[in-house]
Number of protein chains: 2
Amino acid sequence: MNSIETHLPNWLQRCADNTPQKQAISTPEIEWTFAEFNQQTIQLARQLSTLGIKQGSRVALLASNGVPFVVCVHALIRLGAVLVPLNVRLTLEEQLWLLRDVEAVALLSDAAYASRAAAIQQALPALTAARLQLETARRQVSLQGVAPDLHAPLLDEIELEATQAIMYTSGTTGTPKGVIITYKMQWWNAVGSALNLGHQADSDCWLLCMPLFHIGGLSILMKNVIYGIRIIVYEKFDAAIVNRAIREQGISIISVVAVMLQRMLAELDASQQRYPTTLRCVLLGGGPAPRPLLEDCASRNVPVVQTYGLTESCSQAVTLSPADALRKLGSAGRPLLPVQLRIVDKGVAVGPNQAGVICLKGPSITAGYDHRPDATAATIQDGWLTTGDIGYLDNEGYLYVLDRRSDLIISGGENIYPAEIEAVLLTHPDVAEVGVCGQPDPQWGQVPIAFVHLHAGSSLTPAELIAYATQRLARYKVPRSIYLTPPLPHNSSGKLLRRELPKLL
Amino acid sequence: MNSIETHLPNWLQRCADNTPQKQAISTPEIEWTFAEFNQQTIQLARQLSTLGIKQGSRVALLASNGVPFVVCVHALIRLGAVLVPLNVRLTLEEQLWLLRDVEAVALLSDAAYASRAAAIQQALPALTAARLQLETARRQVSLQGVAPDLHAPLLDEIELEATQAIMYTSGTTGTPKGVIITYKMQWWNAVGSALNLGHQADSDCWLLCMPLFHIGGLSILMKNVIYGIRIIVYEKFDAAIVNRAIREQGISIISVVAVMLQRMLAELDASQQRYPTTLRCVLLGGGPAPRPLLEDCASRNVPVVQTYGLTESCSQAVTLSPADALRKLGSAGRPLLPVQLRIVDKGVAVGPNQAGVICLKGPSITAGYDHRPDATAATIQDGWLTTGDIGYLDNEGYLYVLDRRSDLIISGGENIYPAEIEAVLLTHPDVAEVGVCGQPDPQWGQVPIAFVHLHAGSSLTPAELIAYATQRLARYKVPRSIYLTPPLPHNSSGKLLRRELPKLL
């Protein structure tokens, strides 16, 4: 009998075999067919092999959205190595912590992050480091000064249970945890999405302008080769460039967060343009969408598809079908086919219209966190992942997300965990107690603010504390404002009542 | 950590939850939404539970293509029971052999096969038997005279490794073997097909006029609920009815064998009609297609997609994309994404343009035969299934099937195994030796003919022997002609040289 393991042909290789001349990927620098893309991947994999990267090696990648990042992702797949994408916005200290925690053996970086990579290398001299470059003349991605290993053991198959990537997320404890992302999760997420949104093998083209170091971006790279469709990758989001691509390049699907979509619509108005009918799906994720934005899209016939997902669910888990967009305005929709969803209150699954914690189960949901058995056991029971987010199902089973995990702040699509900011501020000797929460912001959705109770006799100012935080936290995590307050509100068991914090304003 | 087992929500239930009002299935008798279809299934499952059918029960189904068959398939899924669809063309003796071999505990039949079911019940009194009926007034499928078990343990989930069906196929030994068809195979086949052909969630509609007791028909029932698309089911193939449905009902995909397509085109000419552009895919399987038919389709812009598959691969495994239809005329195309293919000659995988045995691997390929460890071990090694069919890959990896397993006869899409017919003829006391092979036939592709060497002194006539076979073999297996000959050709090891038989004519 067959093993229960499932082996698939390498997805990119299969695309190169099936449709070698089909356009695979475009960036401002290159346009590659699947055959070219595959060839680049093999070349880079051979260089990575020379560095000693092999099956199971944990390889950190510090690079901007672009060709080197994309080719590196697929080259690591060829070697069976584990990708650890680093959030480029983190501070040096934050990145060093992750690299140690994940026990990375190598760090690959592109030109944009050369100085940071050098600083990391100085702090972690045992790490093998190499620079990815796009030789624009030859339009080739390579590792500077590394010869190819022509005998590199390249994998022809993908074993679905194997780990493709480890992606860090913080959660309520304030300590980042590495979410294990398997090929199986990527596969089921891609298939679940295609069964829901449809799959137009010949004409689909997905525009990617989200960070590749987040699951929302990385999962599009996998859809590129699972579906065998073209993708367009931009380094940064620019409303005018994105709108022009939609009009001129036959984009059929684009993934955005609310702040991007708002800018796109504003730019559309400013340039007096409309979207063509080739744009069949605007996937809107990364937190709750403002109702006026959804109504604006409905009035323009912009095909917005709201989604709900998290790193642990390999991006979208729940999606509102275009057909329901108006009837269920404000809902995140229904779970994709591979996903089961229930609402749990006080440990019991509850019925329609009752709020509780959103729990998810299925083959696109992570099996756990890297070397964190306690966190895994606390989060996943009997295959059910407790997201910590609050929501309810209506009578037809449509999910309404009331609140991301009660303390989560979502700022321009980035998740910010108050506990992490609090932990940093508490390292200042003058700080006795601190509470962080989100404040509504017209541009970013939310920004973090902090309430700080100082030790008696301290003369620390909010400005000094913000400067202190700026040295230790990625910029988007630094509190927009810090308020000095008397002791903070707690519940009877002494737990900080973060929801009460805004009342202190 | 999660178990490696993969649980999905019941596919039909999920469709009923997601799109309750969407048209699910149409036949000349009924038109059901997914909510109605699901409700019917639950009702029937409760009646089946009363009969004692439960998880793991092997339940034979003897019914024509129609509503009772379809509802029964899904009701068995709800109970976790194993479907054993009986080829309705088999003789009583052949069916009894299968029922004993598979150790069926129950036999369900529809009105069309009432007398055969009674004969089976007489021969196998331990078998629980019940009659499926479609009450046309209430448009409801039920079991005659069986109360529902309101506490029936209905499954909400599908475990992919579980067995959905056992489907019999003969092979070279002449003894039918039960191919184990798991939910996993159905799932991966459906997804592989959608990734290749595209998936139009809102508008796809699949016409089913192939026998449901073959994998080509049964797998469409699974696509119905995995994709959440509408299907139209006909009891029999009728060119005029099928052509009218294509023109008037928005059929986008239809599965056919060559003889059906020929009749459809002839009828199209006779009625001076054309196919609308809504018909996007004519899946042509069940054996090699005549080149003039393919050229005729190309000249009419009929979107023919040739496929190669077998019961063991859960229907299509290799498919020629519409884009390649003309460039690669005569090829069966390239393997679907979940399938790996290689050509093996003398135990070694060979390169392009070298003929050998077609071998397949992947999650849509069976893990083996029911209680036939020897046959399983002989057919599947390291996950690779040896099909026995002969073919080669061209320089671009496109499969050309030269010969179905050397001795296989394909007559109007039905597989006929010479060894099985030979075994029956050899039971006649006058027959000393017999060889069966296929003869080209303009209508059916092939028909079986037999060469018989009689014992000295026998006066048996071919007509008498045909009458003898007719009592013991399904009609399509009875040799069209029987030729009395001297001793038959053998190779040095004494094996019958079936390929030499036509020379005796």
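The values are calculated or read from the model by the stated rules, or taken from the named source; none is laboratory data. As the structure is a computational prediction, the values presented were derived from the model and not from experiment. Every residue, glycine as well, gets a Cβ built from its backbone with ideal geometry; the counts of neighbours run over all protein chains shown.
Observations
- Screening segment B:291-328 for residues that are exposed (fewer than 15 other Cβ atoms within 10 Å of the Cβ) and part of a loop (DSSP other than H, G, I, E, B) and picking the one that is modelled with the lowest pLDDT gives B:Leu326.
- Near pairs, Cβ below 9 angstrom, 6+ apart or cross-chain, from segment B:456-468 (surrounded by 11 or more Cβ atoms within 10 Å (Cβ to Cβ)) to any residue that is part of a helix (DSSP H, G or I) and hydroxyl-bearing (Ser, Thr, Tyr): B:Leu460/B:Tyr468
Results for (1) of a type in the set (Gly, Ala, Ser); (2) more than 30 Å from A:His455 (Cβ to Cβ); (3) not in a helix (DSSP H, G or I), shown as yes or no for each residue.
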{"position": "A:Ala375", "(1), (2), (3)": "yes, yes, no"}
{"position": "A:Leu385", "(1), (2), (3)": "no, yes, yes"}
{"position": "A:Ile390", "(1), (2), (3)": "no, yes, yes"}
{"position": "A:Val401", "(1), (2), (3)": "no, yes, yes"}
{"position": "A:Asn415", "(1), (2), (3)": "no, yes, yes"}
{"position": "A:Ala419", "(1), (2), (3)": "yes, no, no"}
{"position": "A:Glu422", "(1), (2), (3)": "no, no, no"}
{"position": "A:Leu425", "(1), (2), (3)": "no, no, no"}
{"position": "A:Gly438", "(1), (2), (3)": "yes, no, yes"}
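- Residue list for segment B:339-398, filter: polar (S, T, N, Q) and away from chain A (no Cβ under 12 Å): B:Asn353, B:Gln354, B:Thr386, B:Thr387
- Residues that are without any contact (Cβ under 8 Å) to a residue 40 or more places away in the chain and surrounded by fewer than 22 Cβ atoms within 10 Å (Cβ to Cβ), drawn from segment A:210-241: A:Phe237, A:Asp238, A:Ala239, A:Ala240, A:Ile241
- Members of segment B:225-245 that are at pLDDT below 95 and of a type in the set (Phe, Trp, Tyr): B:Phe237
- From the options A:Ala245, A:Ala190, residue that is assigned to a helix (DSSP H, G or I) and more than 13 Å from chain B (Cβ to nearest Cβ): A:Ala245
- Filter pass, B:Ala332 being at pLDDT 95 or above, closer than 24 Å to B:Met210 by Cα and hydrophobic (A, V, I, L, M, F, W, C): no
For every residue, the table says whether it meets (1) at pLDDT below 95; (2) buried (at least 22 other Cβ atoms within 10 Å of the Cβ); (3) polar (S, T, N, Q); (4) more than 24 Å from B:Trp97 (Cβ to Cβ).
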| position | (1), (2), (3), (4) |
| --- | --- |
| B:Asp389 | yes, no, no, yes |
| B:Leu393 | no, yes, no, yes |
| B:Tyr400 | yes, no, no, yes |
| B:Arg405 | yes, no, no, no |
| B:Leu408 | yes, no, no, no |
| B:Ala419 | yes, no, no, no |
| B:Ala423 | yes, no, no, no |
| B:His428 | yes, no, no, no |
| B:Asp441 | yes, no, no, yes |
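- Any hit, segment A:36-57, residues being within 20 Å of A:Ile232 (Cβ to Cβ), small (Gly, Ala, Ser) and away from every other protein chain (no Cβ under 14 Å): no
- For B:Leu98, the stated conditions hold: it is in contact with a Phe, Trp or Tyr (Cβ under 6 Å, 6 or more places away or on another chain) and assigned to a helix (DSSP H, G or I).
- Matching residues in segment B:184-197 - criterion: being touching a strand residue (DSSP E or B) at 6+ places or on another chain (Cβ under 7 Å) and touching a residue at least 60 places away in the same chain (Cβ under 8 Å): B:Gln186, B:Asn189, B:Ser193, B:Leu195, B:Asn196, B:Leu197
- Subset of segment A:1-28 [in contact with a helix residue (DSSP H, G or I) (Cβ under 7 Å, 6 or more places away or on another chain), in a helix (DSSP H, G or I) and modelled with pLDDT of 95 or more]: A:Trp11, A:Leu12, A:Gln13, A:Cys15, A:Ala16
- Taken together, the residues in segment B:456-487 that are in contact with a His (Cβ under 6 Å, 6 or more places away or on another chain) and not β-branched (Val, Ile, Thr) amount to 2.
- Check on B:Gly413, surrounded by fewer than 23 Cβ atoms within 10 Å (Cβ to Cβ), under 20 Å from the mean Cα position of the chain (by Cα) and assigned by TED's automatic domain parsing to the domain that holds B:Gly445: yes
- Filter result for the condition that a residue is touching an Asp or Glu at 6+ places or on another chain (Cβ under 6 Å) and closer than 28 Å to A:Tyr183 by Cα, over A:Thr387, A:Thr366: A:Thr366
- Scanning segment A:130-167 for residues that are more than 14 Å from chain B (Cβ to nearest Cβ) and under 26 Å from the mean Cα position of the chain (by Cα) yields A:Ala130, A:Arg131, A:Leu132, A:Gln133, A:Leu134, A:Val141, A:Ser142, A:Leu143, A:Gln164, A:Ala165, A:Ile166, A:Met167.
- Counted residues, segment B:193-235 - those being acidic (Asp, Glu) and away from chain A (no Cβ under 13 Å): 1
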